[in-house]
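Worksheet: the structure to be examined is printed underneath.
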Amino acid sequence: MDFPDKVQIKEVGPRDGLQNEKEFVTTDVKVEWINRLSSSGLKYIEITSFVPPKWIPALADASEVAGKITRVPGITYAALVPNRKGLERALEADLDEVSVFMSASEAHNRKNINKSVDETFPVLEEVVKDAVSAGKKVRGYVSTVFGCPYDGAVPVDHVKKVTDRLLNMGVYEISLGDTIGVANPWQMDQVLKDITQSFSPDQLALHLHDTRGMALANTLVGLTHGIKVFDSAAGGLGGCPYAKGAAGNTASEDLIHMLEEMGIDTGIDFDRFMEAAKYIEKKLEKSLPSRQLRISS
Ligand code: HMG
Ligand code: MG
């Protein structure tokens, strides 16, 4: 098998990891956690979402979090924005980068962002244009790539259509989401074979939820297709409140461990990262799904 020498891990714990938590995590804890993550060698942290608090109460303090963290030079601090209002809030809070998001399936798109797929394009087009004019890079998420909790199987052509539209708007990278963790390695191989015929692996990332314990196996398949950017969350936190059955993301420390053991450089100091993961596990007062946390406790 042919693997890259180096990959980038994009830490989404403070956003995807917390958006589904029932107990509100205080702003100070979020800030301290992000500061600890910043000292681990990560170069990219998605810290929050500028969505209406009515939709995601757990991240209602997005602006405060962005204002209070210590920004380390060389780290990109990013956030999710669903529309122009979200972008305005993100620009006011001086985020380095924003991410837009939508689904490849109609039903999840409606549940998650209250619009059809076709109605979403013009909204995001305006966001990307304004963000780029403000000097910000924009990342794009495509959700439900490998299956939708409401529509079931999702044709790869739908994924390619949404990916193409977002890249044409000026998004620099598409993170392909296994939102509910249904992909298996064979399916991952088939889908990536098809998608990489139309798009370069350098424009793609994987965002895998680990509902059925297949995220690391699917990561391995992604590596063989030349994907070098992977999203994950400390502790294996995460889930989407608008996707029934979505469990946590790939646990970052399990991913770092696997990659480093394989000789693939992540640039992350494993011990420092574990300290950050242990910090949030303690604050949440429950055990998190990560294997590395279990064997070290
Ligand atoms: P809507 O209710 O249709 O929005 O929501 P609207 O435009 O009709 O506005 C309703 C009210 O919200 C208005 O206020 C707006 O001003 C306000 P009112 O006039 O009633 O007082 N509003 C806002 N306030 C603050 N910030 C904003 C904002 N926008 C409007 N940005 C909307 C449409 C898209 C906003 C909503 O559906 C939404 O935010 N959905 C996001 C839900 C979400 O965050 N889901 C989880 C993230 S996605 C995910 O987890 C998947 C991912 O991880 C990848 C994967 O795993 O596949 C990325
Ligand atoms: Mg997600």
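The values are calculated or read from the model by the stated rules, or taken from the named source; none is laboratory data. Keep in mind that what you see is a predicted model, and the values were worked out from it rather than measured. Heads up, the Cβs are rebuilt from the backbone with ideal geometry, glycines too, and the neighbour counts pull from every protein chain shown. We work out accessible area using only protein heavy atoms, side chains counted, and drop any ligands, DNA or RNA first. Shrake-Rupley method; radii C 1.70, N 1.55, O 1.52, S 1.80 Å.
Tabulated data for the structure shown
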read-out	value
Where residue 143 falls short, out of the listed (1) over 21 Å from residue 230 (Cβ atoms); (2) open to solvent by 10 Å² or more (accessible area, probe 1.4 Å); (3) in contact with a strand residue (DSSP E or B) (Cβ under 8 Å, 6 or more places away or on another chain)	(1)
Failed condition for residue 135, given (1) open to solvent by 60 Å² or more (accessible area, probe 1.4 Å); (2) part of a helix (DSSP H, G or I)	(2)
Listing of helices (runs of 4 or more DSSP H) fully contained in segment 48-118 that carry 3 or more residues being open to solvent by 40 Å² or more (accessible area, probe 1.4 Å) and in contact with a helix residue (DSSP H, G or I) (Cβ under 8 Å, 6 or more places away or on another chain)	62-68, 84-92
Among (1) part of a loop (DSSP other than H, G, I, E, B); (2) modelled with pLDDT of 95 or more, the one test that residue 245 misses	(2)
Near pairs, Cβ below 8 angstrom, 6+ apart or cross-chain, from segment 81-93 (farther than 20 Å from residue 142 by Cα and within 8 Å of ligand 1 (Cβ to nearest atom)) to any residue that is not in a helix (DSSP H, G or I) and not basic (Lys, Arg)	85/50; 89/50; 89/81
Test for residue 129: is it out of contact with any helix residue (DSSP H, G or I) (no Cβ under 7 Å at 6 or more places or on another chain), basic (Lys, Arg), open to solvent by 10 Å² or more (accessible area, probe 1.4 Å) and free of Cβ contacts under 8 Å to residues at least 60 places away in the same chain	yes
Flag for residue 196 being open to solvent by 50 Å² or more (accessible area, probe 1.4 Å), in contact with a Leu (Cβ under 9 Å, 6 or more places away or on another chain) and away from ligand 2 (no atom under 15 Å from the Cβ)	no
Helices (runs of 4 or more DSSP H) contained entirely in segment 153-234, each with at least 2 residues that are under 27 Å from residue 41 (Cβ atoms)	215-224
Segment 228-239 - residue that is surrounded by fewer than 24 Cβ atoms within 10 Å (Cβ to Cβ) and at negative phi and, of those, nearest to ligand 2 (Cβ to nearest atom)	229
Unique match (being touching a residue at least 40 places away in the same chain (Cβ under 8 Å) and either open to solvent by 20 Å² or more (accessible area, probe 1.4 Å) or of a type in the set (D, E, K, R) (or both)) among 261, 281	281
Test: residue in segment 20-32 that is touching a Phe, Trp or Tyr at 6+ places or on another chain (Cβ under 6 Å), open to solvent by 20 Å² or more (accessible area, probe 1.4 Å) and either under 21 Å from residue 88 (Cα atoms) or outside any loop (DSSP other than H, G, I, E, B) (or both)	no
Residue 93 vs. criteria more than 16 Å from ligand 2 (Cβ to nearest atom), touching an Asp or Glu at 6+ places or on another chain (Cβ under 6 Å) and more than 14 Å from residue 16 (Cα to Cα)	no
